[in-house]
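The values are calculated or read from the model by the stated rules, or taken from the named source; none is laboratory data. Please read these numbers as outputs of a predicted model, since none were measured by experiment. All Cβ positions, glycine included, derive from the backbone under ideal geometry; neighbour counts span all protein chains shown.
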Amino acid sequence: MVEPLKGCKQDGQIMIDIMNRMGYPQADYDPKTLLEEISQIVPFFAGVKWDELGDNGKQWPVLPDGSDTKILHTESFKIGKGQFKKATWIESQELSDHKKDFPYILTTNRELEHYNCGAQTRRTGNAEILQTDSLLIHPEDADKHGIAEGDMVCVESARGKIDVKARISLEVNPGILSSTFHFPEVNMNVLTSSVTDTDALCPEYKVCAVRIRKSKGKYKLQAQ
């Protein structure tokens, strides 16, 4: 268990405080009693005892007598063998529809200092460490468009356009651009598509057909 920072409460205690204020009396948070309560609702937690977890916990699944499972599958698989199916590659609809007019592929990424839209991390000191989104561009592509390190770049897709600061980098291949999406001032998500894949139905945030040019703008949203 990691002790909370001075002045902070554990998440469990915060939930207890809310319950007490709503008129449902609860004792102070204790991980031991929490596990006991979980085991009453989820039977396969019955063998998980707080006092028996030690420093490294136990290997899941844990049996009712408290013994853990060092090797899950030995002679057979409990739910049967997995099935392998051939997957046929199909080009992203985003590219097949737009690559003629938008020849670059933009994919989104994250930096260490911020998480997704930054709604939480931009409220911390991390906002002083990383203060804006940046667009990774391969040197060859930067030269084609006369873009230098730190220049503002207009990135345009079929849905809109934004201005973002350039970062010349070998971390991306020619033809590929990559950018964070932590700051609403940049509004990177105005470029992305709502098209989803056929299996997981995940939006294609990682494949976005765009074109670029050097810009004098600064964080101005110009949605079409």
Fill in: Any chance Val164 is in contact with a His (Cβ under 9 Å, 6 or more places away or on another chain) and part of a strand (DSSP E or B)
no
Discussion item. Just the residues that are loosely packed, with under 14 Cβ neighbours inside 10 Å and modelled with pLDDT of 85 or more, please, taken from region 174-200.
Written reply: Pro174, Gly175
Discussion item. Take the residues in region 207-224 that are at pLDDT below 90 and part of a strand (DSSP E or B); name whichever of them is farthest from Met188 (Cα to Cα).
Written reply: Ser215
Worksheet item: Only one residue in Glu113, Glu91, Glu156 is surrounded by 13 or more Cβ atoms within 10 Å (Cβ to Cβ), under 20 Å from Thr192 (Cα atoms) and not aromatic (Phe, Trp, Tyr). Which one?
Response: Glu156
Discussion item. Quick check on this structure: which one of Trp50, Trp60 is of a type in the set (Phe, Trp, Tyr), touching a helix residue (DSSP H, G or I) at 6+ places or on another chain (Cβ under 8 Å), outside the structural domain of Ser194 (by TED's automatic domain parsing) and more than 30 Å from Thr192 (Cα to Cα)?
Written reply: Trp50
Worksheet entry | Members of region 1-27 that are outside any helix (DSSP H, G or I) and surrounded by 11 or more Cβ atoms within 10 Å (Cβ to Cβ) | Pro4, Lys9, Gln10, Gln26
Worksheet item: Of the residues that make up region 84-98, is at least one free of Cβ contacts under 8 Å to residues at least 12 places away in the same chain, assigned to a loop (DSSP other than H, G, I, E, B), closer than 30 Å to Asp141 by Cβ and not aliphatic (A, V, I, L, M)?
Response: yes
Discussion item. Tell me whether region 64-77 contains one or more residues that are over 26 Å from the mean Cα position of the chain (by Cα), surrounded by 11 or more Cβ atoms within 10 Å (Cβ to Cβ), more than 30 Å from Asn173 (Cα to Cα) and of a type in the set (Gly, Ala, Ser).
Written reply: yes
Practice prompt. Go through Thr198, Thr192 for me and flag whichever is in contact with a Phe, Trp or Tyr (Cβ under 7 Å, 6 or more places away or on another chain) and more than 24 Å from Lys216 (Cβ to Cβ).
Written response: Thr192
Practice prompt. Please enumerate the residues belonging to region 170-180 that are touching a helix residue (DSSP H, G or I) at 6+ places or on another chain (Cβ under 9 Å) and farther than 17 Å from Met152 by Cβ.
Written response: Leu170, Val172, Pro174, Gly175, Ile176
Worksheet entry | Residue check, Leu135 aliphatic (A, V, I, L, M), in a strand (DSSP E or B), under 27 Å from the mean Cα position of the chain (by Cα) and assigned by TED's automatic domain parsing to the domain that holds Asp199 | yes
Discussion item. Quick check on Lys81: is it in a loop (DSSP other than H, G, I, E, B), at pLDDT below 90 and not assigned by TED's automatic domain parsing to the domain that holds Pro174?
Written reply: yes
Item to complete: For Thr69, state whether it is over 30 Å from Gly160 (Cβ atoms), touching a Leu at 6+ places or on another chain (Cβ under 9 Å) and of a type in the set (Val, Ile, Thr).
Response: yes
